[in-house]
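Each remark here refers to the structure printed beneath this line.
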Amino acid sequence: MHKIPLAKLELGHWPTPLEPMLRLNQMHQGPELWVKRDDCSGLAMGGNKTRKLEYLLADAQQQGGTTLLTAGGVQSNHARQTAAAAAKIGLGCELFLEQVDGLGEPDYQHSGNLLLNQLLGARVHQLPAGQNLDEAMALRAQTLTASGQVPYIMPVGGSNVVGAMGYVACGLELAQQMQDQSLTFNAIVLATGSAGTQAGLLAGLALAGLDIPVLGITVSRSSEEQCSKVLALVHEVQDRLSQPHLHEDHVICFDQYYGAGYGQPTQQMVEALRLAASLEGLLLDPVYSGKAFAGLLDLVRHGYFYPSDRVLFLHTGGTPGVFAYSHCLSES
Ligand SMILES: *Cc1c(COP(=O)(O)O)cnc(C)c1O
């Protein structure tokens with residue numbers, strides 16, 4: 001088995017389940033759809049940031065970090081999972097959360113991940129939309145240093161080369177599950193934002209000798225911008241692993257499913273959430289997995305896959321987000 005040459009903490013529940021979507025598959029004559037349940041990864045309601053945090057927090061510990069700093073949108077899942085990891089390890093946690101235009105509803109401003117950040121004991125800094133989050137963190141880090149703390153700054157989404165190793169590990173884990181269950185997949189579909197998930201998974205599959213297309217549904221960017229972001233990180237990860245670079249043809253993104261912008265609800269997302277919940281008992285989220293699942297369903301409808309294909313949806317979590325969006329999900 002391949003080994004990832006970086007330190008890691010155990011924070012999650014592995015391997016995450018791999019399940020067929022039986023009732024959904026009965027509904028259409030199409031590719032067989034499966035789901036990998038990274039929403040069941042542990043750490044305060046789960047999600048894809050658990051895998052990244054296992055490597056990031058090991059790095060923080062090696063550097064003697066005492067306080068974790070990270071940033072994101074108001075309803076950032078990465079921020080909530082960082083707060084949980086900090087609590088579990090016994091580190092301080094400060095979150096720099098930026099307003100998202102057009103989302104001023106009370107549930108968005110108080111419920112979901114924000115409520116959980118409070119319970120998890122994190123200190124939240126609220127910033128207006130368009131603020132430079134990196135600058136705000138760097139400034140705060142100076143103050144913390146002056147008071148004898150050792151700040152450890154993580155980028156938005158935890159998507160640097162260290163965090164992306166979590167999804168290299170996911171690629172290896174999936175390869176093992178496929179071998180154990182004699183399963184093959186013709187494609188993997190996931191939501192792609194800060195790019196660490198798609199980049200790490202591509203590098204991990206390559207490391208395991210698997211050539212499965214990974215289709216990223218973008219949540220805030222054009223395919224072109226997203227693909228170059230993913231490719232740059234894949235290459236950084238492969239350099240760290242002393243592996244040959246993947247060709248850019250392996251990075252595939254679709255940008256027609258995120259609607260008006262990051263976090264902005266779409267009708268297709270709401271329909272995808274209802275379908276997954278009512279047919280599979282599966283809770284998606286409004287910002288990432290709901291839009292990615294809407295993309296998957298649309299690609300299926302338009303014949304993107306062969307009917308004989310088996311396609312895997314990576315459920316990246318985000319479930320607490322449904323409470324922040326009750327204003328557009330609730331039927332009453
Ligand atoms: C952060 C996040 C993603 C996107 O992962 P990246 O590594 O940032 O591309 C997808 N789904 C959920 C629920 C997330 O919180």
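The values are calculated or read from the model by the stated rules, or taken from the named source; none is laboratory data. Owing to the predicted nature of the structure, the values given are computational and were not obtained by experimental measurement. Positions of Cβ are backbone-derived with ideal geometry, glycine not excepted, and every protein chain shown enters the neighbour counts.
The set of residues in the stretch 104-143 that are crowded, with 18+ Cβ neighbours inside 10 Å and closer than 14 Å to GLU94 by Cβ comprises ASN117, LEU120, ALA122, LEU133, MET137, ARG140, ALA141.
Can you find a residue that is surrounded by fewer than 16 Cβ atoms within 10 Å (Cβ to Cβ), of a type in the set (S, T, N, Q) and part of a helix (DSSP H, G or I) anywhere in the stretch 81-103? Reasoning before the result, please.
Filtering the stretch 81-103 down to residues surrounded by fewer than 16 Cβ atoms within 10 Å (Cβ to Cβ) leaves 90, 101-102.
Remaining after also requiring of a type in the set (S, T, N, Q): none.
No; the residues of the stretch 81-103 include none that is surrounded by fewer than 16 Cβ atoms within 10 Å (Cβ to Cβ), of a type in the set (S, T, N, Q) and part of a helix (DSSP H, G or I).
Taking ASP107 as the residue in question, decide whether it is of a type outside the set (Ser, Thr, Tyr), more than 24 Å from GLN63 (Cβ to Cβ), outside any helix (DSSP H, G or I) and assigned by TED's automatic domain parsing to the domain that holds LEU57. In short, no.
Within the stretch 240-270, the set of residues being touching a residue at least 24 places away in the same chain (Cβ under 8 Å), in a helix (DSSP H, G or I) and more than 14 Å from GLY216 (Cβ to Cβ) comprises ARG240, GLN268, MET269, VAL270.
Give the residues of the stretch 312-330 that are among the hydroxyl-bearing types (Ser, Thr, Tyr) and farther than 12 Å from LEU284 by Cβ, sorted by residue number. Steps first, please.
In the first step, residues of the stretch 312-330 are kept if they are among the hydroxyl-bearing types (Ser, Thr, Tyr); the result is 316, 319, 325-326, 330.
SER326, SER330 - these are the residues of the stretch 312-330 that are among the hydroxyl-bearing types (Ser, Thr, Tyr) and farther than 12 Å from LEU284 by Cβ.
In the stretch 179-211, the qualifying residues are those that are of a type outside the set (Ser, Thr, Tyr) and under 25 Å from GLN264 (Cβ atoms), and the one that is farthest from the ligand (Cβ to nearest atom) is VAL189.
Out of the residues in the stretch 33-56 meeting the condition of being within 12 Å of the ligand (Cβ to nearest atom) and acidic (Asp, Glu), tell me which one is farthest from ALA199 (Cα to Cα). Checking each candidate, the answer is ASP39. Can you say whether GLY12 is small (Gly, Ala, Ser) and either within 18 Å of the chain's Cα centre (by Cα) or within 16 Å of the ligand (Cβ to nearest atom) (or both), as far as the supplied structure shows? In short, yes.
Yes or no, residue by residue, for (1) within 16 Å of the ligand (Cβ to nearest atom); (2) free of Cβ contacts under 8 Å to residues at least 12 places away in the same chain:
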| residue | (1), (2) |
| --- | --- |
| LEU233 | yes, no |
| ALA272 | yes, no |
| ASP309 | no, no |
| GLU331 | no, yes |
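I need a count of the residues in the stretch 280-332 that are on the phi > 0 side of the Ramachandran plot and over 18 Å from the mean Cα position of the chain (by Cα). Of the residues in that region, 2 qualify. Please verify whether VAL214 is within 16 Å of the ligand (Cβ to nearest atom), of a type outside the set (Ser, Thr, Tyr) and more than 15 Å from LEU246 (Cβ to Cβ), treating the condition exactly as stated. Against the criterion (within 16 Å of the ligand (Cβ to nearest atom), of a type outside the set (Ser, Thr, Tyr) and more than 15 Å from LEU246 (Cβ to Cβ)), VAL214 does not qualify. Considering only residues that are among the β-branched types (Val, Ile, Thr) and touching a strand residue (DSSP E or B) at 6+ places or on another chain (Cβ under 8 Å), look in the stretch 120-172 and name the one that is nearest to the ligand (Cβ to nearest atom). Ranking the qualifying residues of the stretch 120-172, first place goes to VAL156. Of all residues in the stretch 157-171, those that are under 8 Å from LEU201 (Cα atoms) have Cβ atoms under 7 Å from Cβ atoms of residues that are in a helix (DSSP H, G or I) and polar (S, T, N, Q), 6 or more apart or on another chain, in TYR167/THR197.
The conditions of being outside the structural domain of LEU241 (by TED's automatic domain parsing), surrounded by fewer than 21 Cβ atoms within 10 Å (Cβ to Cβ) and touching a Ser or Thr at 6+ places or on another chain (Cβ under 8 Å) are not met by HIS2. Could you figure out which of (1) at pLDDT below 95; (2) touching a strand residue (DSSP E or B) at 6+ places or on another chain (Cβ under 7 Å) isn't true of LYS3? The number of the failed condition is (2). Residue selection: LEU282 fails the criterion of being in contact with a strand residue (DSSP E or B) (Cβ under 6 Å, 6 or more places away or on another chain) and touching a residue at least 60 places away in the same chain (Cβ under 8 Å). In the set (1) within 19 Å of LEU114 (Cα to Cα); (2) more than 12 Å from the ligand (Cβ to nearest atom); (3) of a type outside the set (Phe, Trp, Tyr); (4) modelled with pLDDT of 95 or more, VAL322 fails one condition alone, (2).
Just one of the listed residues (LYS36, LYS49, LYS8) is closer than 26 Å to ASN132 by Cα and in contact with a helix residue (DSSP H, G or I) (Cβ under 7 Å, 6 or more places away or on another chain), namely LYS49.
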